[in-house]
Amino acid sequence: AGADGIVAVSQAAAADLCRFAAFPADKVQTIYNPFDLGRIRALAAETFDHPWFSPGQPPVVLAIGRLTEQKNFSDLIRAFARLRAERTMRLLILGEGGLRCEIEALVAECGLSADDVRMPGFVVNPFACLARCGVFVLSSRWEGLPSVLIEALACGAPVVSTDCPSGPAEILEGGRWGTLVPVGDVEALAQAIRVLI
């Protein structure tokens, strides 16, 4: 017996199910993940004790996610290195994962130091960072419906995202609420950050 219906987290994911798994479109529904916006805003208002967020400090480019191939932090670091050559700014990557050593090696290879890039791992309250950053960047190669992008918007952060499958274009309404750039285009990523920072 087949299922009465299939639920997807985004319209793009629903379309993929219909296309690749041959599910009938009338059997696939999109139900977005819920978000407690009141809780997010309350956590965003909490203090965040990090010297980079002190008054008068250079702007912080923020990224959040597992240190994996999917999140494509390598392109973000290359884009940031171009920007850092032009002006003082900082990159903070929150999250942990198996590619930590490779990402740290790329930071060094790009001529960046701990004064430029920090990766403190898991942070209990990332919303306080989102509320204080100069720009939030999602550099992913693929997603389903990236919750962190919605959370960044809820915290009032300016956002740049790759136009990866699937979710960012849907969340940002094709660029209405943030800047979308092609996956793998380091210069476009750098330019989008440059404009918003």
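The values are calculated or read from the model by the stated rules, or taken from the named source; none is laboratory data. Computed from a predicted structure; not experimentally measured. All Cβ positions, even for glycine, are placed from backbone atoms using ideal geometry, and neighbour counts span all protein chains on display. Keep in mind that these areas ignore ligands, DNA and RNA; they rest on the heavy atoms of the full protein, side chains included. Shrake-Rupley method; radii C 1.70, N 1.55, O 1.52, S 1.80 Å.
Descriptive notes on the structure:
- Once region 1-11 is narrowed to residues that are in a loop (DSSP other than H, G, I, E, B) and under 24 Å from the mean Cα position of the chain (by Cα), the residue that is modelled with the highest pLDDT is Val9.
- Scan of region 12-61 for residues that are closer than 20 Å to Ala154 by Cβ, open to solvent by less than 80 Å² (accessible area, probe 1.4 Å) and part of a helix (DSSP H, G or I), ordered by number: Leu37, Gly38, Ile40, Ala42, Leu43, Ala44, Phe53
- Members of region 62-84 found to be open to solvent by 30 Å² or more (accessible area, probe 1.4 Å) and closer than 19 Å to Ile150 by Cα, listed by number: Ile64, Arg66
- Of all residues in region 162-183, those satisfying the criterion of being in a loop (DSSP other than H, G, I, E, B), in contact with a Ser or Thr (Cβ under 8 Å, 6 or more places away or on another chain) and surrounded by fewer than 20 Cβ atoms within 10 Å (Cβ to Cβ) are Pro182, Val183.
Here's the yes/no breakdown for (1) under 26 Å from Ile31 (Cβ atoms); (2) under 13 Å from the mean Cα position of the chain (by Cα); (3) at pLDDT 95 or above; (4) open to solvent by less than 20 Å² (accessible area, probe 1.4 Å):
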{"position": "Leu94", "(1), (2), (3), (4)": "no, yes, yes, yes"}
{"position": "Glu102", "(1), (2), (3), (4)": "no, no, yes, no"}
{"position": "Ala105", "(1), (2), (3), (4)": "no, no, yes, no"}
{"position": "Glu109", "(1), (2), (3), (4)": "no, no, yes, no"}
{"position": "Asp115", "(1), (2), (3), (4)": "no, no, yes, no"}
{"position": "Gly121", "(1), (2), (3), (4)": "no, no, yes, yes"}
{"position": "Pro126", "(1), (2), (3), (4)": "yes, yes, yes, no"}
{"position": "Cys133", "(1), (2), (3), (4)": "no, yes, yes, yes"}
{"position": "Leu153", "(1), (2), (3), (4)": "yes, yes, yes, no"}
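- Residue check, Arg141 touching a residue at least 60 places away in the same chain (Cβ under 8 Å), open to solvent by 20 Å² or more (accessible area, probe 1.4 Å), assigned to a loop (DSSP other than H, G, I, E, B) and within 30 Å of Pro51 (Cβ to Cβ): no
- Subset of region 1-21 that is in contact (Cβ under 8 Å) with a residue 60 or more places away in the chain and not small (Gly, Ala, Ser) - its residue that is nearest to Leu149 (Cα to Cα): Val9
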